[in-house]
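First comes the structure, then the notes that go with it.
What follows draws every value from the coordinates through simple rules; no lab data is involved. Treat the numbers as computed from the prediction; the structure is a model and nothing was measured. Here the Cβ is made from the backbone with ideal geometry for all residues, glycine too, and neighbour counts use every protein chain on show.
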């Protein structure tokens, strides 16, 4: 008796909800470079102890962001306004949207309406 209920809950939890939205603005996003730079800086800085680890992570965050941007690998992040008026920041690699475009938010990605 519990198995069908569990299956139904899993299906509802993993189904992506689609919301209609409008693109408000596009911003350059270098969060991938920040993450990799921060982790690398943390590991290298850890040689100098805890203070070195923190300093290395901070330098790595800024360095990783700059490297990603200068290599031309920065992606776009879009600020969208949902039907309920809430704002949401969404990254969608490989797709381009312009302000005013009508889109749907499916899970963590945007799709043209």
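Using 0.36 nm per residue of separation minus the Cα-Cα distance, give me the extension gain between residue 32 and residue 62 in nm, one decimal.
Values: separation 30, 0.36 × 30 = 10.80 nm, distance 1.15 nm.
Full-extension gain reported as 9.6 nm.
Quick one: 83, 29, fewest Cβ neighbours within 10 Å first, how do they rank?
Values: 83 9, 29 19.
In order of increasing Cβ crowding within 10 Å: 83, 29.
Take the Cα pairs of the stretch 34-113, get the Kirkwood Rh, then feed it into Stokes-Einstein at 25 °C and 0.890 mPa s and tell me D in µm²/s.
Working: Rh = 14.8 Å.
The Stokes-Einstein estimate is 166 µm²/s.
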